[in-house]
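S.K.: Mind having a look at this structure? Questions to follow.
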Amino acid sequence: AQSVTQLDSHVSVSEGTPVLLRCNYSSSYSPSLFWYVQHPNKGLQLLLKYTSAATLVKGINGFEAEFKKSETSFHLTKPSAHMSDAAEYFCVVSSSNDYKLSFGAGTTVTVRA
Amino acid sequence: KAGVTQTPRYLIKTRGQQVTLSCSPISGHRSVSWYQQTPGQGLQFLFEYFSETQRNKGNFPGRFSGRQFSNSRSEMNVSTLELGDSALYLCASSFGRARNEKLFFGSGTQLSVL
């Protein structure tokens with residue numbers, strides 16, 4: 001069994017300040033972890049993924065995430081938010097034994113000018 | 001290279017009807033997966049097809065079914081529609097060779113059941 005918990009349903013930041021989106025997961029098998037972003041009326045786009053290589057993963061648009069096995073966490077960060085980062089973000093887990101994906105409930109990010 | 005194409009973009013149906021949604025994957029991709037997105041339940045996995053075979057299935061009733069054709073295009077069917085089936089239905093494609101591949105999503109079909 002696998003599951004994902006996104007700890008914040010909504011995050012509001014000022015432009016130019018750091019963004020932190022928190023994600024905890026549970027998985028019976030070695031997980032692959034992903035962060036996807038969804039802009040309004042669009043499909044999801046992959047930001048980054050962790051697949052048991054380096055624990056610090058760099059993605060597109062300046063985002064990065066750190067896999068911490070001891071804390072079962074995969075938090076997403078960006079040092080400086082841009083207006084275009086306003087969107088919904090999903091943390092996703094895939095276990096090594098099947099092709100099912102489990103999605104977190106999503107975190108909506110708003111960026112204040 | 002064309003992205004994942006879903007048709008139609010919007011659908012309005014009434015309770016008890018049935019509906020078919022279509023998904024054309026990126027050229028060369030052999031895996032197509034489907035997801036239901038609602039404000040209350042979030043994103044939920046429906047099923048995944050690879051080379052015309054259903055490889056995995058989520059926890060949805062039998063009214064939800066799908067298939068994949070030899071050109072990798074996929075269709076999803078929902079029979080005996082219920083009000084709760086109103087949702088954004090997303091499909092995604094990938095090469096399908098590994099469990100941790102990047103998925104490419106379409107923009108979805110917004111289904112409204114009245």
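The values are calculated or read from the model by the stated rules, or taken from the named source; none is laboratory data. Fair warning: this is a prediction, and the values are worked out from it, not measured in the lab. Glycine gets a Cβ as well: all are built from the backbone with ideal geometry, and neighbour counts include every protein chain shown. These accessible areas exclude ligands, DNA and RNA; they are computed on the full protein's heavy atoms, side chains included. Shrake-Rupley method; radii C 1.70, N 1.55, O 1.52, S 1.80 Å.
S.K.: So, of the residues in segment A:1-35 that are surrounded by 13 or more Cβ atoms within 10 Å (Cβ to Cβ) and touching a Pro at 6+ places or on another chain (Cβ under 8 Å), which turns out to be nearest to A:SER73 (Cα to Cα)?
M.R.: A:TYR25
Residues are listed down the side, and each one gets a yes or a no for (1) of a type in the set (A, V, I, L, M, F, W, C); (2) buried (at least 16 other Cβ atoms within 10 Å of the Cβ); (3) within 11 Å of the chain's Cα centre (by Cα):
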residue: B:GLY3; (1), (2), (3): no, no, no
residue: B:PRO8; (1), (2), (3): no, no, no
residue: B:VAL19; (1), (2), (3): yes, yes, no
residue: B:GLY28; (1), (2), (3): no, no, no
residue: B:TYR35; (1), (2), (3): no, yes, yes
residue: B:THR38; (1), (2), (3): no, no, no
residue: B:PHE50; (1), (2), (3): yes, yes, no
residue: B:PRO61; (1), (2), (3): no, no, no
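S.K.: Of everything in segment A:94-108, what is modelled with pLDDT of 90 or more, in a strand (DSSP E or B) and buried (at least 20 other Cβ atoms within 10 Å of the Cβ)? Give them in sequence order.
M.R.: Going through segment A:94-108, the residues modelled with pLDDT of 90 or more turn out to be A:103-108.
From what's left, in a strand (DSSP E or B): A:103, A:107-108.
Matches in segment A:94-108: A:PHE103, A:THR107.
Rundown of residues vs (1) hydroxyl-bearing (Ser, Thr, Tyr); (2) more than 12 Å from chain B (Cβ to nearest Cβ), yes/no style:
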site: A:THR17; (1), (2): yes, yes
site: A:LEU21; (1), (2): no, yes
site: A:HIS39; (1), (2): no, no
site: A:LYS42; (1), (2): no, no
site: A:ILE60; (1), (2): no, no
site: A:GLU64; (1), (2): no, yes
site: A:LYS69; (1), (2): no, yes
site: A:SER84; (1), (2): yes, yes
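S.K.: Still on this model: Could you say whether any residue in segment B:89-105 is open to solvent by 40 Å² or more (accessible area, probe 1.4 Å), outside any loop (DSSP other than H, G, I, E, B) and either of a type outside the set (D, E, K, R) or closer than 16 Å to A:VAL92 by Cα (or both)?
M.R.: Checked against the condition, which is being open to solvent by 40 Å² or more (accessible area, probe 1.4 Å), outside any loop (DSSP other than H, G, I, E, B) and either of a type outside the set (D, E, K, R) or closer than 16 Å to A:VAL92 by Cα (or both), segment B:89-105 yields at least one hit.
S.K.: Would you point out which residue out of B:SER79, B:SER72 is surrounded by 19 or more Cβ atoms within 10 Å (Cβ to Cβ) and either more than 22 Å from A:GLN2 (Cα to Cα) or charged (D, E, K, R) (or both)?
M.R.: B:SER72
S.K.: Do we find a residue being buried (at least 17 other Cβ atoms within 10 Å of the Cβ) and within 11 Å of A:LEU33 (Cα to Cα) anywhere in segment A:54-64?
M.R.: yes
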